[in-house]
Amino acid sequence: QVQLVESGGGSVQAGGSLRLSCAASGTIFNLYHLAWHRQAPGKERELVASITTSGSTIYADAVKGRFTISRDNAKNTLYLEMNSLQPEDTAVYYCARFYGFNWRWGQGTQVTVSS
């Protein structure tokens, strides 16, 4: 059974930084395109950043220049480095793998940014 477990969330003041991690088990990690999504209260889940099996990345406009997605296939771990955090970044952050024409998410980790 494939599991994605996020960690690294928490509370931070505006301008601060956090690093999210996502550990995968039960699968061959490097076979999948991966991503981070987020969902703020009352809003739909949205793509934050994605990374292909070859390492190509895409970012949402709202996080370009502030967030960096990376993967360590040897450690079966996906990362999201978040800098210059703003209150509008407050959300539950989910890591995901692309499988069966759909994103499959972990359980998420809460990020709260106060002004």
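I need a count of the residues in the stretch 16-49 that are in contact (Cβ under 8 Å) with a residue 40 or more places away in the chain and more than 14 Å from residue 92 (Cβ to Cβ).
14
Take the residues in the stretch 51-68 that are touching an Asp or Glu at 6+ places or on another chain (Cβ under 8 Å) and assigned to a strand (DSSP E or B); name whichever of them is farthest from residue 88 (Cα to Cα).
So, considering only residues that are touching an Asp or Glu at 6+ places or on another chain (Cβ under 8 Å) and assigned to a strand (DSSP E or B), the one farthest from residue 88 (Cα to Cα) is 68.
Considering only the stretch 26-50, state which residues are of a type in the set (S, T, N, Q), assigned to a strand (DSSP E or B) and open to solvent by 50 Å² or more (accessible area, probe 1.4 Å).
39
When you look at residue 71, is it surrounded by 14 or more Cβ atoms within 10 Å (Cβ to Cβ), touching a His at 6+ places or on another chain (Cβ under 9 Å), within 18 Å of residue 109 (Cβ to Cβ) and not polar (S, T, N, Q), yes or no?
Against the criterion (surrounded by 14 or more Cβ atoms within 10 Å (Cβ to Cβ), touching a His at 6+ places or on another chain (Cβ under 9 Å), within 18 Å of residue 109 (Cβ to Cβ) and not polar (S, T, N, Q)), residue 71 does not qualify.
Tally up the residues in the stretch 77-115 that are open to solvent by 40 Å² or more (accessible area, probe 1.4 Å), assigned to a loop (DSSP other than H, G, I, E, B) and farther than 14 Å from residue 15 by Cβ, please.
3
Filter the stretch 3-25 down to the residues that are open to solvent by 50 Å² or more (accessible area, probe 1.4 Å) and under 13 Å from residue 104 (Cα atoms), then identify the one that is modelled with the lowest pLDDT.
Of everything passing the filter in the stretch 3-25, 3 is modelled with the lowest pLDDT.
If I go through the stretch 74-104 residue by residue, how many of them are over 10 Å from the mean Cα position of the chain (by Cα) and under 18 Å from residue 41 (Cα atoms)?
Taking the stretch 74-104 as the starting set, the residues that turn out to be over 10 Å from the mean Cα position of the chain (by Cα) are 74-77, 83-91, 97-104.
Among the residues that remain, those that are also under 18 Å from residue 41 (Cα atoms) are: 85-91.
Matching residues across the stretch 74-104 total 7.
The values are calculated or read from the model by the stated rules, or taken from the named source; none is laboratory data. Everything numeric here is computed off the predicted structure, so don't read it as measured data. All Cβ positions, even for glycine, are placed from backbone atoms using ideal geometry, and neighbour counts span all protein chains on display. Only protein heavy atoms, including side chains, enter the accessible area calculation; ligands, DNA and RNA are left aside. Shrake-Rupley method; radii C 1.70, N 1.55, O 1.52, S 1.80 Å.
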